[in-house]
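The values are calculated or read from the model by the stated rules, or taken from the named source; none is laboratory data. From a predicted model like this one, the values you see are computed outputs, not experimental measurements. Here the Cβ is made from the backbone with ideal geometry for all residues, glycine too, and neighbour counts use every protein chain on show.
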Amino acid sequence: MTYTTQELIAILDRELKANWKGKRVVLSSAERIKDPVVIKLLDMNRVSKVFAYQDFRTQIHQYQKQHRVSGIIWRDCGFHNHTVCYPEIHNQLIPLEEDKAILVAAKQSVIDFWQQVTPGMQFWLANAPGKGKTNRQTKPTNNSSNTPHQQISREYATKLIRQAEWAEVDATRTEVYLGLCWGNPLEYRYQWAKPKSGCDRIIASHTAPSSIKI
């Protein structure tokens, strides 16, 4: 019997708890860190726990590949009277090649939800580089808050939506966050992966967005 995605997540969770209780030890931890100065600065007991979990997780990823177990989970997002259920890659699993097709196929349902809940709201490009300057085709604003985000026009947001391969969404009581993603689902969350892979994040809010780093 092949383990399911949810069963692998549960196994990883149990293993992580066992690691932090000291039930797993990697005796070669010091050998993996080549810099002797760094070794002196680190708590090797904690480092051993990290390496033990990473080794176990690598085995789980190999199991996924061998048995074609998807890394996708499904999330529900709600804002006011609207909800959407969409796929994303679990942060402790890896995506299979076919998982990207599932992400891409769900893009329109996420965008439909976004369009339903954001009429009358303003848009910001989250954590925009060069805040305070005109960023690419962003629309400057007179907003004097210290937010790291750059206000953009609805037209520019629409352009980013068209360019994205898949989308993800989240919300608080007053703000909605849209992730517009492309490239490799294993790497898109990392800044170093750009421009081949990445995710532009847009905040919709009636007022200046919160200072939460998105």
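I'm checking my understanding of the structure. Among residues of the range 76-95 that are under 13 Å from the mean Cα position of the chain (by Cα) and free of Cβ contacts under 8 Å to residues at least 60 places away in the same chain, which one is surrounded by the most Cβ atoms within 10 Å (Cβ to Cβ)?
PRO87
Consider GLN191 carefully, then state whether it is farther than 18 Å from ALA106 by Cα and in contact with a Leu (Cβ under 6 Å, 6 or more places away or on another chain).
no
Filter the range 157-188 down to the residues that are in contact with a Phe, Trp or Tyr (Cβ under 7 Å, 6 or more places away or on another chain) and more than 19 Å from ALA105 (Cα to Cα) and list them by number.
Hits for the range 157-188 are ALA157, ALA171, VAL176.
Tell me which residues, restricted to the range 173-184, are in a loop (DSSP other than H, G, I, E, B) and either closer than 14 Å to PRO95 by Cα or touching a residue at least 12 places away in the same chain (Cβ under 8 Å) (or both).
THR174, GLU175, GLY183, ASN184
Which members of the range 7-18 meet the condition of being closer than 13 Å to ASN91 by Cα, out of contact with any Leu (no Cβ under 9 Å at 6 or more places or on another chain) and in contact (Cβ under 8 Å) with a residue 40 or more places away in the chain?
none
Of all residues being more than 15 Å from the chain's Cα centre (by Cα) and of a type in the set (D, E, K, R) in the range 100-125, which is farthest from GLY183 (Cα to Cα)? Just the residue, please.
ASP112
What's the number of the only condition in (1) crowded, with 19+ Cβ neighbours inside 10 Å; (2) outside the structural domain of TRP114 (by TED's automatic domain parsing) that THR58 fails to meet?
(1)
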